[in-house]
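Note sheet for the following structure.
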Amino acid sequence: MLFERVKSLDHILESAETRGLKRQLGAFDLTMLGIGAVIGTGIFVLTSVAADKAGPGMMFSFLIAGFVCALAALVYSEIAAIIPVAGSAYTYSYAIFGELAAWMVGWALILEYAIAAAAVAVGWSGYINGFLNEVGYGLPLALTAGPADMIVGLDGTTSAGGFNLLAFLVSLFVTVLLVMGTTKSARFTAVLVIIKIIALTAFIVLTLPAVNSINFQPMLPNGWGTPLSGVGILGAAASIFFAYVGFDAVSTAAEETSNPNRNVPIGLIASLTICTLIYLVVAYAAVGAVGAQPGGDLSLSKEPLAFVLREVGYPTIGNWVASAAIVALPSVVLMMLYGQTRVLFTMSHDGLMPGVFSHVHKRFHTPHIVTLVTGTAVALFAAMFPVGMLADISNSGTLFAFFMVALGVMVLRRRAPDLHRPFRTPMLWMVGPLAMGGCGLLFVSLGWETIRLFLAWAGIGLIIYFAYARKHSHLGKQQAN
């Protein structure tokens, strides 16, 4: 049962041509989409989460997370070039391991994309709420955080939030934009990428001169961390792994990419390389300028980069950086939602999700129904939960999917050594195991609470598979006949 219902590569590639998605994205579009998905909440918001877990040592956390993600990107590039269709790790698993494994990966990808979109929306709301407070038009505290989050009043008292209104609204706005079409989304994202790069460049230029070596002491206040603890260098790396995973969304655009065998690997590797370099410099400047000890001001801020600029004497520029985040972070929500809808679209086309999810709008040529359903769910999650919790839950699904992809690429090398590979992962037998080991290490470093939620989610997924998806599987029906 575990390895039955394997979908052949030829069948996957042939069926992709019948689904009605138009190939219209090039290498530059994919690189911009990748940067747009990667640079966002991870650096603009989760810097404070990393500071609270690892202190100045969060720079090592960014490096570890980036290294693991680079390994994953190399193996992703090979399989994405071989199978350039929508569905990401779900489709790859269907071709290599079979339907049950594919379902579990697709189910985990809901955590990666949908929950990630909600986390970014919450991060965006933190910046816009901070900006509104600066100009004297702040919202009531009850509308700035969900009931699972804590808000701090002006008198220092804390209370549970109510409903994160702005996170809810931005999620709905991006949903409508995605329904309108992929090309519009790509162009919108390219503009926002430029805004984010300008904002981060300004941050680096203004904060590097303020770097003081004393702010790096103690470097490792919580040490390296231990499995299941969720703190220290490894705990922070597990949390901010979220900051890099946008490159995976590039592979979900393969079915709408011209010359995907060439352009998908370029988009994956180029976007990740650029973003990693930016992250390291920004983290160094932030830590060196104001310090980053657990429980300190930086770790408590919901708009850490703007906070740093205000602390070093550039309040106006800090507000401008906050404005850039306000304008640009919706592009990350867009790409996460984009990835999620394309995975669900593909699962629906396979019969594992309701058929209505694979309906394509006659005018916009986008899967509008699944986009609207997913966007509404994301908006509700964003309104209810804090960014740190959402990011960790998202990471659990992402790390599981990346582990399966790395394993799958190695299996496919053995099973089909003569298969045409437009891109070959260099030193696969070293890169693949390292990617799997890195994903496993970060997974257990998320902390027991997050792992328990992931296991519960996986259990629900198994119930749904055997109660619904297995019975409606198109491949299963074909094999039965």
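The values are calculated or read from the model by the stated rules, or taken from the named source; none is laboratory data. Small disclaimer: the values here were computed from a predicted structure and weren't measured. Methodologically, a virtual Cβ is constructed for each residue, glycine included, from the backbone with ideal geometry; neighbour enumeration extends over all protein chains shown. The area values use the complete protein model at the heavy-atom level, side chains included, leaving out ligands, DNA and RNA. Shrake-Rupley method; radii C 1.70, N 1.55, O 1.52, S 1.80 Å.
Restricting to the stretch 459-474, name every residue that is of a type in the set (A, V, I, L, M) and either open to solvent by 20 Å² or more (accessible area, probe 1.4 Å) or modelled with pLDDT of 95 or more (or both). Within the stretch 459-474, I460, L462, I463, I464, A467 meet the criteria. When the stretch 428-449 is filtered for residues that are out of contact with any Leu (no Cβ under 9 Å at 6 or more places or on another chain) and at pLDDT below 90, only E449 remains. Of all residues in the stretch 296-309, those being touching an Asp or Glu at 6+ places or on another chain (Cβ under 9 Å) and open to solvent by 50 Å² or more (accessible area, probe 1.4 Å) number 2.
In this structure, is A95 over 22 Å from A114 (Cβ atoms) and modelled with pLDDT under 85? Spelling it out, A95 is indeed over 22 Å from A114 (Cβ atoms) and modelled with pLDDT under 85. It is to be established whether one or more residues within the stretch 341-350 are β-branched (V, I, T), modelled with pLDDT of 85 or more and touching a His at 6+ places or on another chain (Cβ under 6 Å). Scanning the stretch 341-350, I find no residue that is β-branched (V, I, T), modelled with pLDDT of 85 or more and touching a His at 6+ places or on another chain (Cβ under 6 Å), so the answer is no. For the stretch 441-458, the tally of residues that are over 22 Å from L74 (Cβ atoms) and open to solvent by 40 Å² or more (accessible area, probe 1.4 Å) stands at 8. The residues on offer are Y94, Y76, and the sole one that is in a helix (DSSP H, G or I) and under 20 Å from R262 (Cβ atoms) is Y76.
Every condition in (1) touching a residue at least 24 places away in the same chain (Cβ under 8 Å); (2) open to solvent by 10 Å² or more (accessible area, probe 1.4 Å); (3) farther than 28 Å from A379 by Cα holds for A285 except the one numbered (2).
Listed residues T175, T189; which is under 21 Å from the mean Cα position of the chain (by Cα), at pLDDT below 85 and crowded, with 19+ Cβ neighbours inside 10 Å?
Values: T175 fails: at pLDDT below 85.
Just a single option satisfies the conditions, and that option is T189.
For V85, are the conditions met, namely being crowded, with 24+ Cβ neighbours inside 10 Å, touching a Gly at 6+ places or on another chain (Cβ under 7 Å), over 15 Å from F403 (Cα atoms) and modelled with pLDDT under 80? Taking the combined requirement at face value, the residue does not satisfy it. When the stretch 325-364 is filtered for residues that are of a type in the set (S, T, N, Q) and over 17 Å from the mean Cα position of the chain (by Cα), the ones remaining, listed by number, are T346, S348, S358. Scanning the stretch 92-125 for residues that are within 16 Å of A167 (Cβ to Cβ) and open to solvent by less than 10 Å² (accessible area, probe 1.4 Å) yields A116, A117, A118, A119, V120, A121, G123, S125. Per the listing V411, V373, the residue uniquely surrounded by fewer than 21 Cβ atoms within 10 Å (Cβ to Cβ), in contact (Cβ under 8 Å) with a residue 60 or more places away in the chain and assigned to a helix (DSSP H, G or I) is V411.
Among the residues of the stretch 215-231, the ones that are at negative phi, part of a loop (DSSP other than H, G, I, E, B) and of a type in the set (A, V, I, L, M, F, W, C) come to 4 in all.
Restricting to the stretch 366-382, what's the tally of residues that are more than 28 Å from K477 (Cα to Cα) and at pLDDT below 90? Give the steps one after another, and end with the answer.
If we filter the stretch 366-382 for residues that are more than 28 Å from K477 (Cα to Cα), which is where we start, we get 372, 375-382.
Subsequent filtering for residues that are at pLDDT below 90 retains none.
The qualifying residues number 0.
(1) surrounded by fewer than 16 Cβ atoms within 10 Å (Cβ to Cβ); (2) under 14 Å from F402 (Cβ atoms): which one isn't true of G438, the others all being true? Exception for G438: condition (1).
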